[in-house]
Amino acid sequence: MSEKRIVLTGFMGVGKSTVARRLARLLGTNRVDLDHYIERSERRKIAEIIETDGLEKYREIESRNLEHLLENDIPPILSLGGGTWTVKHNRVRIKEKGFTSIWLESSFEHCWYNIKFSKKERPLAKDKAAAQKLFEDRQKVYCLADWHFIVRPDQTSVQVAEQIMSEVFL
Ligand code: S3P
């Protein structure tokens with residue numbers, strides 16, 4: 001078993017948590033999803049935090065929770081929220097802690113399709129044009145990740161996880 005530690009980043013709806021779950025299963029290890037961790041520790045839904053406290057405050061809460069995870073003995077696979085990697089301090093801390101970062105990229109339309117059919121409430125994806133702008137603006141930071149995988153709409157999460165496993169976990 002590899003000692004490699006992985007974070008998955010990428011836009012909302014690309015499938016970070018599902019791929020993380022599949023990858024953990026293939027590697028026989030555990031994983032944690034930052035959004036779920038935040039909701040458990042804050043005892044509130046992320047949508048509620050963003051809507052009542054605002055995005056700036058949410059980013060502080062997100063960074064604090066990320067820090068807490070990184071400082072403790074967390075599972076080797078971590079899926080981030082779509083905005084976590086856009087904060088420089090978060091990227092620095094993730095690297096300092098020895099995590100390999102993977103950007104999962106798909107077309108905006110594919111992400112939007114998944115967003116629309118998901119039960120997860122996403123305050124930053126209420127309006128398609130605004131979400132598309134966010135998608136385009138974020139490409140320049142997502143590409144700072146160590147690895148880049150394109151997720152095709154016809155690929156299953158297991159196939160993506162297998163591809164990551166064969167290329168990253170050589
Ligand atoms: C966000 C993405 C969401 C969640 C929050 C903000 C973003 O996670 O963290 O709503 O800024 O892109 P997912 O990428 O898992 O949807």
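Report relative contact order for the stretch 13-170 in percent, whole number only (criteria: Cα-Cα under 8 Å, sequence separation at least 6).
Values: 142 pairs, mean separation 56.4, N = 158.
Over the stretch 13-170, the number comes to 36 percent.
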- What is the sum of charges around His110, taking Lys and Arg as +1, Asp and Glu as -1, for the other residues whose C-beta is under 12 Å from the C-beta of His110? -1
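Which whole DSSP H helices in the chain pass both tests: a Cα extent of 15 Å or more along the axis and a mean Kyte-Doolittle value no lower than 1.0? Walk me through the numbers on the way to the answer.
Working: long enough: 16-27 (16 Å, 0.02); 55-71 (24 Å, -1.15); 128-142 (20 Å, -1.02); 157-168 (16 Å, 0.43).
Correct list, ordered by number: empty.
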- Task: Mind telling me which of Glu105, Glu48, Glu56 comes out most flexible in a GNM of the chain, alpha-carbon contacts under 10 Å?
- Result: Glu56
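Output the direction-averaged projected area (hull surface divided by four) of the convex hull of the alpha-carbon atoms of the stretch 108-170, in nm².
Working: hull surface 20.6 nm².
Average projection, Cα convex hull of the stretch 108-170: 5.1 nm².
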- Return one whole number: the accessible area per residue of the stretch 34-170 in Å², for a 1.4 Å probe. 55
- Simple label model, 7 Å out from Cα along Cβ direction - Glu162 to Leu26, nm: 0.8
- So which lysines can Lys95 reach, going by Cα to Cα under 21 Å and dropping same-chain residues fewer than 8 places off? Lys4, Lys16, Lys140
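Compute the normalised compactness of the chain: alpha-carbon radius of gyration over 2.2 N^0.38 Å, N being the residue count.
Details: Rg = 15.1 Å, N = 170, 2.2 N^0.38 = 15.5 Å.
This ratio for the chain stands at 0.97.
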- Query: With the calculation restricted to Cα positions, what are the radius of gyration and Dmax of the stretch 55-143 in angstrom?
  - Reply: 14.0, 40
- Query: Summing +1 for each Lys or Arg and -1 for each Asp or Glu, what net charge is found among the other residues whose Cβ lies under 9 Å from the Cβ of Ser101?
  - Reply: +1
- Task: Go from 0 up to the bin containing the longest alpha carbon distance in the stretch 9-90, width 10 Å each, and give me the % of pairs per bin.
- Result: 17, 51, 29, 3
- Message: Among the listed pairs Lys88/Lys116; Lys97/Lys119; Lys88/Lys133; Lys45/Lys88, which have their C-alpha atoms separated by more than 22 angstrom in this model?
- Response: Lys88/Lys116; Lys97/Lys119; Lys45/Lys88
- Carbon/sulfur accessible area of the stretch 75-170, % of total, 1.4 Å probe, equals 57
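The values are calculated or read from the model by the stated rules, or taken from the named source; none is laboratory data. Keep in mind it's a predicted model, so treat the numbers as computed, not measured. For neighbour counting, all protein chains shown are included, and Cβ atoms are generated from backbone atoms with ideal geometry for every residue, glycine included. Accessible surface areas use protein heavy atoms only, side chains included; no ligands, DNA or RNA. Shrake-Rupley method; radii C 1.70, N 1.55, O 1.52, S 1.80 Å.
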